[in-house]
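Working notes, structure below.
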Amino acid sequence: MKLHHAAEGPADGPPLVLLCSLGSTIDMWAPQRAELADEFRVISLDTRGHGDSPVPDGPYTVEDLARDVLETLDDLGVARASFAGVSLGGAIAQWIGLYAPERAATLAMLCTAARFPNADTFRDRAQKVRAEGTAAIADAVVARWFTEDFAEAEPDTVARMRDQIAATPAEGYAGCAEAVAAWDVVDELGGIAVPTLVVGGVEDPATPPENQQILADGIPGARLETVTNAAHLASFQRPDVVTPLLREHAKGAS
Ligand SMILES: O=C(O)CC1=CCC(=O)O1
């Protein structure tokens with residue numbers, strides 16, 4: 001399935017693909033897109049069921065979502081790229097590292113997990129949004145994305161991001177929540193042979209830092225960075241730290 005996307009930066013620049021978290025659109029990458037487009041061909045994609053991408057009936061799997069990404073890149077003529085994904089997007093990056101490594105020059109996995117904590121809560125969430133709509137969970141979810149200090153300092157930004165969650169089609173959100181619930185590659189991480197950066201947020205309640213430690217311990221040669229004053233959307237709250245990390249890592253692509 002082809003995904004809605006934005007392609008920015010020089011057409012002949014090294015491709016850098018940005019993958020989103022559950023309940024977000026390519027707007028979550030706003031702090032990185034313009035900045036990294038100075039040297040990369042930045043391709044950000046709305047995950048299936050989100051933003052302006054198609055919304056088939058769920059459940060979906062991470063494999064479905066990753067195949068959508070690769071099909072869209074095929075359509076764009078991109079055979080190999082660096083990938084950076086937050087949370088669900090980080091699971092997609094793991095899948096590509098495991099099952100389509102020839103497509104990946106580097107991988108960056110942000111605020112994600114090889115098996116998400118409390119998988120049942122994502123099945124419950126899927127059930128709730130199918131019954132009541134995505135707005136029913138938007139406040140609770142956005143509270144996990146940013147630190148309390150940030151939420152107090154930037155209420156308009158947080159409200160905008162909350163609205164992004166509430167605008168996500170219920171079936172798309174539910175299908176992706178079911179993909180999150182089923183994701184478990186803890187025992188396969190040793191098979192990822194692509195240069196990998198793992199980034200965590202110190203105050204992330206959704207995928208606390210021990211999850212990134214598991215990724216970094218399991219993926220041979222992975223580099224781990226943990227960002228302070230950051231919760232689940234560390235890339236959005238701390239672009240001052242995360243964007244240079246992404247740049248440096250993707251530049252190391254061979
Ligand atoms: O939505 C959450 O609470 C955290 C999360 C899990 C997967 C994802 O993309 O976000």
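None of the figures in this text is laboratory data; all of them are computed from the coordinates on show. Quick caveat: nothing in here was measured; it's all calculated off a predicted structure. Cβ atoms come from the backbone with ideal geometry, glycine included; neighbour counts cover every protein chain shown.
Here is how the numbers come out for the structure above:
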{"item": "Cα lying deepest toward the dipole's positive end in the chain, options G23, P10, A179, charges on Cβ", "result": "P10"}
{"item": "Dipole magnitude (debye, nearest 20) for the stretch 5-252, charges at Cβ of Lys, Arg, Asp, Glu", "result": "260"}
{"item": "The stretch 6-64 versus the stretch 171-240: alpha-carbon centroid distance in Å", "result": "17"}
{"item": "Structure-based [θ]222 nm, the chain - -39500 (n - 2.57) summed over DSSP H runs of at least 4, per residue, nearest 500", "result": "-14000 deg cm²/dmol"}
{"item": "Contact order relative to length of the stretch 94-164, as percent, for alpha carbon pairs under 8 angstrom and 6 or more apart", "result": "19"}
{"item": "Length-normalised contact order for the chain - Cα pairs under 8 Å, 6+ apart - percent", "result": "23"}
{"item": "Extension gain (nm, one decimal) between Y99 and A253, 0.36 nm per residue minus Cα-Cα", "result": "53.6 nm"}
{"item": "Gain on full stretching of the segment that runs from D139 to V241 - 0.36 nm per residue minus C-alpha separation", "result": "34.1 nm"}
